[in-house]
Amino acid sequence: MSVKLNHLLKRAEKALDKHDHASAGALFEEAVTLAPAAHKGWYGLGLVAANIGQDDTAATFFAQAAELQPDNVAYRQKLGETLARLGQIQEGLAHLQAARRLAPRDANVLCALSGGYVKAGDWHKAKAVLQEVVRLPHPQGAHFCLLGLACQHLGELDEALPALQKATALAPRFADAWLSLAHLYVDRNQLDKADDALRRLQELAPDAATTQALAGDVAWGHGNTREAAKFYAQAAETAPDNVDYRAKLAVALVMSGNALAAIDAMEECHRLGMPEDWILEKLGTLFTLKYWTPMARENLEMAVERNPDNLAAWNALLMTYARSGESENVRKAANAILDKEPDNLYALMNLTTWYDDQGRHDEAMELVERCLKIAPTNRGIYSKALWVMLSSSSESAADILAMARRMDELCLRALKRDNDFATRDRNPERRLKIGWVSSDLRQHPVAAFVQPFMPHLDHEALEIFVYYNFTEEDAITRQIKPCADHWRTVAGIGDDAFADLVEGDEIDILVDLNGFTDNGRTGAIARKPAPIVAGWLGFPGTSGMTATDYVLVPPDEVLERGVWCSETPWPLPHCYGVRENIANVAVQPGLPCERSDKPFTFACLNHFRKASVHTIELWSHILNAVPEARLVLVAIGGKDDATIKYFRSRFERHGANPDQVEFRGYVARQKYFDSYNEIDLGLDPFPFNGGTTGYDSIWMGVPFVTLPGEHLSARMGKAILENVGLQELVAKSADDYVDIAVKLARDHERLKALRANLRERMLASPLLDAPLMAKNLEEAFRGMWRRWCEKRLSAPAPDR
């Protein structure tokens, strides 16, 4: 090499080291002009071009260098990496493999080769090469980090974990290692460890978009959707062109109920290239969560039209069809998903709901067991199972209790915190802090039983906290809200954060008004954040939960024995719940069959899913005995010809004339109450009796026949009827149920006597006595607290 050429190359390399790309490029160009075989000059030009983002040009220069010096490892490596970046994967891999043959133990070459395999989508080969790297002497933290990422991508989380832990041990200030480890903990649902890794990352790179996005992922894992949205917004602001961050922000805003901000975020996602079906799906999900069903349906149907393989859109569409009462569309949509993905859990669960809505409880339970094989620790499946079992005549109270306890054992018991509340003031007569947990303090049946007594609670004896788990408020919410000393909106915060809030408020008795209903907070309740937890109203059955101490019940010796539940039953002295101002609809005098041209009308305005196999059998016997009568029922799909035909066929199996059965779909509130003026005698379903509808029926002057069962929801009708002096309508057996109904259909005078002044009797009963219910609840809470204090005072003192 000439002195002049050597001098040029040294000056060019110094300029390159100083990132003076213009000078370096000019000097390297002068060198190759002077000596076209100067491979170092061509390689230098390649480095300059690569540094300024001109990979096409860089590849040409690196190729020239490699041609002149084919055994140079660096030239082969750089050429291979550059070609891989340009999408010329196989050609790039060929050069990287050649570099490996030249330097089989060079860690940089091996890492570059693994990167080429990643570009080719061959993660198994990438992992194998990285395993060679970490076996070399003195491996670096970055090498273990790359190996962990490869294992993670392959779903080999158990192998990824030690690799990433080694990476952070070798290089504790290597931010990428902490980032990867935290993501792995999120994937493994080890959120406490993810929190720790996130804190280390925030110390090293607090302003990085990747750190902010990870904070969002961790918050999301904890169920804190509002906090997740805040972090994703920071990440999107830091990296405004990153569509993944924008997409996560949009979803978090949707799930936390922030409609306007969610729509803005989705528009930005669309600008950044997210497909239209994704946008429509997220809009549909947003409207679904807001219960804006027509808008949800419109957007979701457009989403699946544009992309029939968008299963998330199909699943959200299922929910809108279910809410609209489009039974057949629910079935078709579920099957459309299962054709593409036979083990799609959401579709299977929606199909379970479809069978349940049709009263096909045995088939629904078959699907439940199929779902549990796929996801044996999914709480939603158990919740669905318990609701189906309440209505099924094939499932006993013992079966229901076993299922609830199975859920507790597999999904909930481990969440219970080790807190004996030893520092809590054990004065049995002090003012108590009562926490009410509900998503339904709005236009909802639960609120209809809560709003009446809330204004009558004694705030000198009780300090009232409400934990409201919904994003919307309405007129009912605004009536209840002033009755609380403290109102906490907890929608969008995770179970741990919710439990921390309850503990921080030092709640003495936490009342779960949701149970296994939509938007319930079972995970938070399972942590037992208060000394006493009681269930009431939302789910009319046992929770099976170790964390729940009591379940409120009506006065009933069968229920008070507690064979049916895991909790201790606490009987309210007079009734299970209280209503007021049920409806401003007048009761028409006399029997409807006598004042109209219509036949004697039996009816059940409960959801048809409560019509068990045994219920339909007895209703059919009643119709057979009173062939001139009709039976009016309400069902999802009650306006669909095919659905109605199927429903009627179930009566035909028992010899009933299908023309005697009239099905109706759901109607507006006013029309619903007007319907009672068409009914001569109600028929309560079993084993899941009417609750809200039982109250409505009595209010509208329509008595009903009930057959009590073994558990809470199977004895609701009895509790209602006894409070208005209609004990004779409580059947002692299946035959008695039929006999009572048939005799009253024949004896109009007796029926009119039972109907006479029924509303007035209800007005004078505990069923509408809100102050009495408030007093009964206060006494129940005081009794629970005294019992807790007695147990703690009699317990041996802890070792000090």
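Filter segment 114-127 down to residues that are surrounded by 15 or more Cβ atoms within 10 Å (Cβ to Cβ) and free of Cβ contacts under 8 Å to residues at least 12 places away in the same chain and give me whichever is nearest to His138 (Cα to Cα). Show your work before the answer.
Quick first cut of segment 114-127, residues surrounded by 15 or more Cβ atoms within 10 Å (Cβ to Cβ) only: 114-120, 122-123, 125-127.
Applying the additional criterion that residues be free of Cβ contacts under 8 Å to residues at least 12 places away in the same chain yields 122, 125.
Working: Asp122: 26, Lys125: 22 Å.
Checking each candidate, the answer is Lys125.
Condition check: touching a residue at least 12 places away in the same chain (Cβ under 8 Å), in a helix (DSSP H, G or I), of a type in the set (Val, Ile, Thr) and over 30 Å from Ala228 (Cα atoms). Does Val186 satisfy that?
Working: touching a residue at least 12 places away in the same chain (Cβ under 8 Å): yes; in a helix (DSSP H, G or I): yes; of a type in the set (Val, Ile, Thr): yes; over 30 Å from Ala228 (Cα atoms): no.
Considered against the rule, which asks whether it is touching a residue at least 12 places away in the same chain (Cβ under 8 Å), in a helix (DSSP H, G or I), of a type in the set (Val, Ile, Thr) and over 30 Å from Ala228 (Cα atoms), Val186 comes out as no.
Taking the conditions (1) open to solvent by 20 Å² or more (accessible area, probe 1.4 Å); (2) of a type outside the set (Val, Ile, Thr); (3) under 16 Å from Ser114 (Cβ atoms); (4) modelled with pLDDT of 90 or more in turn, Ala142 satisfies each one other than (4). Screening Asp309 with (1) open to solvent by 30 Å² or more (accessible area, probe 1.4 Å); (2) under 21 Å from Leu249 (Cβ atoms) gives one miss only, at (2).
Look at segment 87-100 and say how many of its residues are open to solvent by less than 60 Å² (accessible area, probe 1.4 Å) and over 47 Å from the mean Cα position of the chain (by Cα).
Going through segment 87-100, the residues open to solvent by less than 60 Å² (accessible area, probe 1.4 Å) turn out to be 87, 89, 92-96, 98-99.
Filter once more, keeping what is over 47 Å from the mean Cα position of the chain (by Cα): 94-96, 98-99.
Count: 5.
For segment 226-248, the tally of residues that are touching a residue at least 12 places away in the same chain (Cβ under 8 Å), over 21 Å from Asn469 (Cα atoms) and out of contact with any Leu (no Cβ under 9 Å at 6 or more places or on another chain) stands at 6.
When segment 62-86 is examined, which residues are found to be more than 24 Å from His143 (Cβ to Cβ) and open to solvent by 50 Å² or more (accessible area, probe 1.4 Å)?
Pass one, segment 62-86, residues more than 24 Å from His143 (Cβ to Cβ): 62-71, 86.
Hits for segment 62-86 are Gln64, Glu67, Leu68, Gln69, Pro70, Asp71, Leu86.
Yes or no: Pro172 more than 23 Å from the chain's Cα centre (by Cα), part of a loop (DSSP other than H, G, I, E, B) and surrounded by fewer than 18 Cβ atoms within 10 Å (Cβ to Cβ)? So that I can check it myself, show each step before the final result.
Values: more than 23 Å from the chain's Cα centre (by Cα): yes; part of a loop (DSSP other than H, G, I, E, B): yes; surrounded by fewer than 18 Cβ atoms within 10 Å (Cβ to Cβ): yes.
In short, yes.
Evaluation of Ser733 against the conditions (1) within 39 Å of the chain's Cα centre (by Cα); (2) open to solvent by 20 Å² or more (accessible area, probe 1.4 Å); (3) of a type in the set (Gly, Ala, Ser) shows that the sole unmet condition is (1).
Within segment 29-41, can one find any residue that is assigned to a loop (DSSP other than H, G, I, E, B), among the acidic types (Asp, Glu) and open to solvent by 40 Å² or more (accessible area, probe 1.4 Å)? No, every residue in segment 29-41 fails to be assigned to a loop (DSSP other than H, G, I, E, B), among the acidic types (Asp, Glu) and open to solvent by 40 Å² or more (accessible area, probe 1.4 Å). For segment 210-225, taking the residues that are β-branched (Val, Ile, Thr) and over 19 Å from Asn469 (Cβ atoms), the one that is surrounded by the most Cβ atoms within 10 Å (Cβ to Cβ) is identified as Thr211.
Listed here are the helices (runs of 4 or more DSSP H) enclosed by segment 343-409 that have at least 2 residues being over 28 Å from Tyr646 (Cα atoms) and open to solvent by 20 Å² or more (accessible area, probe 1.4 Å): 361-374, 379-391, 397-407.
Among the residues of segment 666-685, write down those that are touching a strand residue (DSSP E or B) at 6+ places or on another chain (Cβ under 9 Å) and either of a type in the set (Asp, Glu) or more than 14 Å from Asp696 (Cα to Cα) (or both). Let's see the steps before the verdict.
Within segment 666-685, the first condition is being touching a strand residue (DSSP E or B) at 6+ places or on another chain (Cβ under 9 Å), and the residues that meet it are 666-667, 672, 675-676, 678-685.
Within segment 666-685, Tyr666, Val667, Glu678, Asp680, Asp684, Pro685 meet the criteria.
Just one of the listed residues (Ala65, Ala15, Ala94) is out of contact with any strand residue (DSSP E or B) (no Cβ under 8 Å at 6 or more places or on another chain), modelled with pLDDT of 90 or more and closer than 22 Å to Val133 by Cβ, and it is Ala94. Among the residues of segment 455-474, none qualifies, meaning not one is part of a helix (DSSP H, G or I), under 30 Å from Leu768 (Cα atoms), open to solvent by 10 Å² or more (accessible area, probe 1.4 Å) and among the aromatic types (Phe, Trp, Tyr). For segment 686-701, the criterion of being in a loop (DSSP other than H, G, I, E, B) and over 32 Å from the mean Cα position of the chain (by Cα) is satisfied by at least one residue. Scanning segment 617-646 for residues that are at pLDDT 95 or above and among the polar types (S, T, N, Q), we see that the one that is most open to solvent (accessible area, probe 1.4 Å) is Asn624. Scanning segment 257-275 for residues that are surrounded by fewer than 22 Cβ atoms within 10 Å (Cβ to Cβ) and closer than 22 Å to Val490 by Cβ returns Gly257, Asn258, Ala259, Leu260, Ala261. Residues in segment 101-113 include at least one that is over 24 Å from Ala167 (Cβ atoms) and surrounded by fewer than 22 Cβ atoms within 10 Å (Cβ to Cβ). The residues of segment 647-665 that are open to solvent by 10 Å² or more (accessible area, probe 1.4 Å), in contact with a strand residue (DSSP E or B) (Cβ under 6 Å, 6 or more places away or on another chain) and either free of Cβ contacts under 8 Å to residues at least 24 places away in the same chain or part of a helix (DSSP H, G or I) (or both), listed by number, are Arg648, Gln660. If the condition is being buried (at least 23 other Cβ atoms within 10 Å of the Cβ), touching an Asp or Glu at 6+ places or on another chain (Cβ under 7 Å) and of a type in the set (Phe, Trp, Tyr), then segment 537-578 contributes only Trp564.
When residues of segment 605-635 are filtered for being within 28 Å of Glu328 (Cα to Cα), assigned to a helix (DSSP H, G or I) and of a type outside the set (Val, Ile, Thr), how many remain?
First, pick out the residues of segment 605-635 that are within 28 Å of Glu328 (Cα to Cα): 605-620, 623, 630-635.
Now drop any that are not assigned to a helix (DSSP H, G or I), which leaves 608-610, 613-620, 623.
Next, from what is left, pick out any that are of a type outside the set (Val, Ile, Thr): 608-610, 614, 617-620, 623.
Qualifying residue count, segment 605-635: 9.
Pick from segment 707-721 the residues that are within 33 Å of the chain's Cα centre (by Cα) and aliphatic (A, V, I, L, M): which of them is surrounded by the most Cβ atoms within 10 Å (Cβ to Cβ)? Break it down stepwise before answering.
Residues of segment 707-721 within 33 Å of the chain's Cα centre (by Cα): 709-717.
Now drop any that are not aliphatic (A, V, I, L, M), which leaves 712, 714, 716.
On the way: Leu712: 30, Ala714: 26, Met716: 27.
Checking each candidate, the answer is Leu712.
The values are calculated or read from the model by the stated rules, or taken from the named source; none is laboratory data. The model shown is predicted, which means the values in this text are computed figures rather than measured ones. FYI the Cβ positions are ideal-geometry reconstructions off the backbone, even for glycines, and counts take in every protein chain you see. Ligands, DNA and RNA are stripped out before the accessible areas are found, and what is left, the full protein with its side chains, is counted by its heavy atoms. Shrake-Rupley method; radii C 1.70, N 1.55, O 1.52, S 1.80 Å.
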